[in-house]
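These notes concern the structure reproduced below.
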Amino acid sequence: MNWAKFLLIAAITASAWAQTSTTSKEVETVYPDAHAFYIDVHRNPELSGHETQTAAKLAARLRSLGYEVTEHVGGTGVVAVLKNGPGPTVMFRTELDALPVEEKTGLAYASTMRTKDDAGRDVPVMHACGHDLHMAAISATAAIMVNSKETWHGTLMLIGQPAEETISGAKAMLADGFLSRFPRPDVVLALHVGNALPAGRVGIVSGVYDTNADSLHITIYGKGGHGASPHTTVDPIVIAARTILALQTIASREVKPGEMVVITVGYIHAGTKNNIIPDQADLGLTVRTYKAEVRKQVLTAITRISKAEAEAAGAAREPSIERYEATDAVYNNPALAQRLRGPLEAAIGKENVVTEDPITASEDFSYFVEQGIPGFYFSLGGANPEKYAQSKAAGTSLPSNHSPLFAPDVDPALHTGIAAEVAVLRNLLSGSADELRKLSARKRKRPTGTTDPTLASAGEWQLPHSLAGECKHGIRHRRCDRRNTGFTQPAGFLVALDKVDLHFRHVAHAQHLVAIKIRLLHRTVVNGDCPCECRAQAVGDGTLALCFCAIGIDDGPAVHS
Ligand SMILES: [Zn+2]
Ligand SMILES: [Zn+2]
């Protein structure tokens, strides 16, 4: 070890846990229980949308503390409300879900869980994103806020959001009447643990905190044949290879240098045998950007390049490009970020509150902010301070969130998370609601959201994370999906789809009529019927088999800012 490295480690280690004595005493009182909860949840992770045990445990804890708890909000969501006189309403969110990752941390409490995913595959499960730590922190914060009601006034809302990893849980909670069934928050808050900071610290970003995220599925159609007779085929694997490389020129050659663009091809599926040229190749992309105009430019370029590469290879049919998931960047209200720095510094030490650059990940917390509610989302250091300093000195990276090796340094990270949460909540719950309402809200129109009041009241549901597959009819851009809508239509009942929206569908059931409202993204069909004759069929027991258009993005996505 060289001396510079040693001093860096010593400085970081010493600065961790620099909480004021009052805060640390409060935290110590509830910490053992929070830590036990952490270990329990870590050992028993559940996948997105299936967080039944996790949600029940969190709900039971909050209920026993005296919170008014509602379960099953937007699926497995939990909403806990504690009223403490007049004042503002402040919401703090934790996520509930874990990931299909096999834990390789070697920890004594490592997860060994396996389950079936939505596609029926047997998969390992791990809290590889740290949501277990968020839950433990919020349970401790909940207790401290109950024990110190004389230090604040107003309404505290603690929520457990399902399915963050599939960016569908926030949307589902809102669709389930979150804003009308519960007190409307004046401010929404959340944090996220990660290895980009050492445990003991928190990071603040003012303005755009993370990225717009778009998930694309591209199917390239070729002409299959014998691997020894390529001249009789159009090889989709070669088209896919060219397409993948050409897509990387969007960031390097098309978008202005300095703008944030990530295009990752996360999967390629094609072929079954070495001497067969397949018919088609499938690519899965994630696209990340900060700015709405860059997002639009990049998505348009992806479509153009994919089509052009297919055409250059002589493919008879152009590729289908489906944008099946999308979320906007989380926007941190600058006035709020500035206001909350002081209480955070007071609680955990000035040197432990750092200013960060926006991150390249994404979050569906943006859905709450886009309801016109000022939001503040901050980072919680998770890295073991010593390992952090060593990796800095060596120029390497510690395992990131979603890695099988991701293991936050629980004691300092959880202590700091609890102290930070209590600090920001007390600050916001010490003033008036009017004061918070003056913070400029940022209301943005979602690219795909539609709300028809008559239909929304009857129910609202969303595209699944992964689609069941292509329609038998072989119509381009068309896929089949089967979901339980919770409605009991008679079997065999057919309904027409009058509009198509890739991300929101509203289902109503009145007088034996099931209406499905779907908005078309494609400009040329906005005013007409769906060109591929979308229709749905109720097959009994509330299950609705639905064929719908997955619209291409030829005209660019409907992104508004
Ligand atoms: Zn994650
Ligand atoms: Zn996460």
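The values are calculated or read from the model by the stated rules, or taken from the named source; none is laboratory data. Quick caveat, the model's predicted, so the values are computed rather than measured. Cβ sites come from the backbone with ideal geometry, for glycine too, and all protein chains shown count toward neighbours.
So the values come out like this:
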read-out	value
Matching residues, the stretch 137-162, being farther than 19 Å from PRO86 by Cβ and of a type outside the set (Gly, Ala, Ser)	ILE138, THR141, ILE144, ASN147, LEU158, ILE159, GLN161, PRO162
ILE237 within 14 Å of ALA315 (Cα to Cα) and buried (at least 23 other Cβ atoms within 10 Å of the Cβ)	no
Single unsatisfied condition, GLU26 versus (1) at pLDDT 95 or above; (2) under 25 Å from ALA346 (Cβ atoms); (3) away from ligand 2 (no atom under 16 Å from the Cβ)	(1)
Enumeration of residues in the stretch 347-367 that are at pLDDT 95 or above and touching a helix residue (DSSP H, G or I) at 6+ places or on another chain (Cβ under 7 Å)	ALA347, ILE348, GLY349, GLU351, ASN352, VAL353, PHE365
Within the stretch 386-414, tally of residues that are of a type in the set (A, V, I, L, M, F, W, C) and part of a loop (DSSP other than H, G, I, E, B)	4
Residues being within 16 Å of ligand 2 (Cβ to nearest atom) and among the aromatic types (Phe, Trp, Tyr) - total across the stretch 384-414	1
Strands (runs of 3 or more DSSP E) (entirely within the stretch 154-255) containing at least 2 residues that are within 16 Å of ligand 1 (Cβ to nearest atom)	154-161, 187-198, 212-221
Residue match in the stretch 213-228 (condition: crowded, with 21+ Cβ neighbours inside 10 Å, at pLDDT below 95, within 16 Å of ligand 2 (Cβ to nearest atom) and within 20 Å of ASN401 (Cα to Cα))	yes
Among (1) within 30 Å of LEU245 (Cβ to Cβ); (2) buried (at least 24 other Cβ atoms within 10 Å of the Cβ) - the single one SER397 does not satisfy	(2)
The stretch 146-173, subset of a type in the set (Val, Ile, Thr) and in contact with a strand residue (DSSP E or B) (Cβ under 8 Å, 6 or more places away or on another chain), residue nearest to LEU425 (Cα to Cα)	THR155
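Residues are listed down the side, and each one gets a yes or a no for (1) surrounded by fewer than 18 Cβ atoms within 10 Å (Cβ to Cβ); (2) within 16 Å of ligand 2 (Cβ to nearest atom); (3) free of Cβ contacts under 8 Å to residues at least 12 places away in the same chain; (4) not hydroxyl-bearing (Ser, Thr, Tyr):
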| site | (1), (2), (3), (4) |
| --- | --- |
| ARG304 | yes, no, yes, yes |
| ALA310 | no, no, no, yes |
| ILE321 | no, no, no, yes |
| THR355 | yes, no, no, no |
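Residue by residue, here is whether (1) within 16 Å of ligand 2 (Cβ to nearest atom); (2) at negative phi; (3) free of Cβ contacts under 8 Å to residues at least 24 places away in the same chain holds:
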site	(1), (2), (3)
SER64	no, yes, yes
TYR67	no, yes, no
GLY85	no, no, no
PRO100	yes, yes, no
TYR109	no, yes, no
ALA140	no, yes, no
MET145	no, yes, no
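Residue by residue, here is whether (1) within 16 Å of ligand 2 (Cβ to nearest atom); (2) in a loop (DSSP other than H, G, I, E, B); (3) crowded, with 19+ Cβ neighbours inside 10 Å holds:
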site	(1), (2), (3)
TYR324	no, no, no
ALA329	yes, yes, yes
LEU340	no, no, yes
LEU344	no, no, yes
ALA347	no, no, yes
GLU351	no, no, no
PHE368	yes, no, yes
